Amino acid sequence: MSACHATVHSPQSECASSGTDPEQLDPRSDFKIQDFDLAMKINQRTALLNQRAKLPAHTCPGTPAQVALVRSEMLLSQRLEELSHELSDASLQQMPEFHQRVGILQQLGYVSPDGTVTLKGRAACEINSTQDELLSTELLFRGLLSGLSPEEAVALMSALVFQEKSDVEPELPPALSSAARHLYSLAAELCELQASAGLPVSEEEYIREVLHPGLMQVVYEWARGTPFSAITPLTDVMEGSIVRAVVRLDQCCRELMDAARVMGDTGLFSLMEAASGKIRRDIVFAASLYVA
């Protein structure tokens, strides 16, 4: 195999070293191809090769180096065009949506007209563990948690933290039930605002994705001190999912405390601190479930 490979490539290597073209084979006599059109094209190609051979550049010793230089310049120019396109707005397929979302943030007061992040925007940056940070921040600034007890406040926030579905309708006290209705109304308002800005969003789908109230009653009872064995019959959600949701809810409370610190709202800070203390207990926060 190696001998055959060397035999095939040796004429090409010799021609390359001498700067001449390899000997041309005749398709009519060597390959027995009888095609008039092909014969005409071969004659044209032979004539062009003969004309090229008479050009001074073809025999110039510096031609290979000059060709390599031109080829390198062409490749660099092509790469420069590619990088320029990648850095331009034309390569950003989601740039129109980006501007739409920035417009929404400016309309809601998260970003100033000159693009500066406002106090409201800095508070929103502290919230990361909910299904929708925009809705969570609006909940704070609209005062939906005002007047709620720590147990009710943490139960309301569970609708933004819990990620699964439940077929059991929670039974809520009047104040919490009213707050939940206001939360749904706020979600619908934000959805309408996004739709009016041109974003492809459906109110029903948006609310279904960001709000999951299946554990509101469970979290409310847990924050009131109800034993874990007594809250599991209140829902069709698995015990492990309840534990994970409460742990994430505690993280959410801490993030809301940070947001309250940015806002300078001591009342909200104390409310979220108390709410976190209500749910951090017993088996949910045990170091090991085997020793709880």
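The values are calculated or read from the model by the stated rules, or taken from the named source; none is laboratory data. What you see is a predicted model, and the numbers here were worked out from it, not measured in a lab. Note: ideal-geometry Cβ built from the backbone for every residue, glycine included; neighbour counts use all protein chains shown. The protein model used for the area step is the full one, side chains on, heavy atoms only, and it has no ligands, DNA or RNA in it. Shrake-Rupley method; radii C 1.70, N 1.55, O 1.52, S 1.80 Å.
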> Out of 225, 198, which single residue is loosely packed, with under 15 Cβ neighbours inside 10 Å and at pLDDT below 90?
Replying inline: 198
>> Looking at region 233-245 only, could you name the residues that are without any contact (Cβ under 8 Å) to a residue 60 or more places away in the chain and open to solvent by less than 30 Å² (accessible area, probe 1.4 Å)?
In response: 242
> When region 105-125 is examined, which residues are found to be touching a residue at least 12 places away in the same chain (Cβ under 8 Å) and of a type in the set (A, V, I, L, M)?
Replying inline: 105, 108, 119, 123, 124
> On the given criteria, is residue 87 within 23 Å of the chain's Cα centre (by Cα) and within 21 Å of residue 198 (Cβ to Cβ)?
Replying inline: no
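Report, by residue number, each residue of region 241-292 that is among the aromatic types (Phe, Trp, Tyr) and modelled with pLDDT under 95. It would help to see each step written out before you state the result.
Keep residues of region 241-292 that are among the aromatic types (Phe, Trp, Tyr), which gives 269, 285, 290.
Within region 241-292, 285, 290 qualify.
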> Is it true that residue 204 is of a type outside the set (Val, Ile, Thr) and farther than 16 Å from residue 166 by Cβ?
Replying inline: yes
>> I need a count of the residues in region 221-255 that are in contact with a Leu (Cβ under 7 Å, 6 or more places away or on another chain) and either basic (Lys, Arg) or part of a helix (DSSP H, G or I) (or both).
In response: 3
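For region 112-128, which residues satisfy the criterion of being within 20 Å of residue 274 (Cβ to Cβ) and out of contact with any Asp or Glu (no Cβ under 6 Å at 6 or more places or on another chain)?
123
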> Taking residue 260 and the conditions (1) in a helix (DSSP H, G or I); (2) within 21 Å of residue 164 (Cβ to Cβ), which numbered condition does it fall short on, given that it satisfies the others?
Replying inline: (2)
>> Take residue 250 and tell me if it is within 34 Å of the chain's Cα centre (by Cα), exposed (fewer than 15 other Cβ atoms within 10 Å of the Cβ) and touching a residue at least 24 places away in the same chain (Cβ under 8 Å).
In response: no
> Looking at 229, 185, which is the one that is free of Cβ contacts under 8 Å to residues at least 12 places away in the same chain and more than 25 Å from residue 128 (Cβ to Cβ)?
Replying inline: 229
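Going by what's in this entry, would residue 270 be described as of a type in the set (Gly, Ala, Ser) and open to solvent by 50 Å² or more (accessible area, probe 1.4 Å)?
Yes; evaluated as a whole, the condition is true for this residue.
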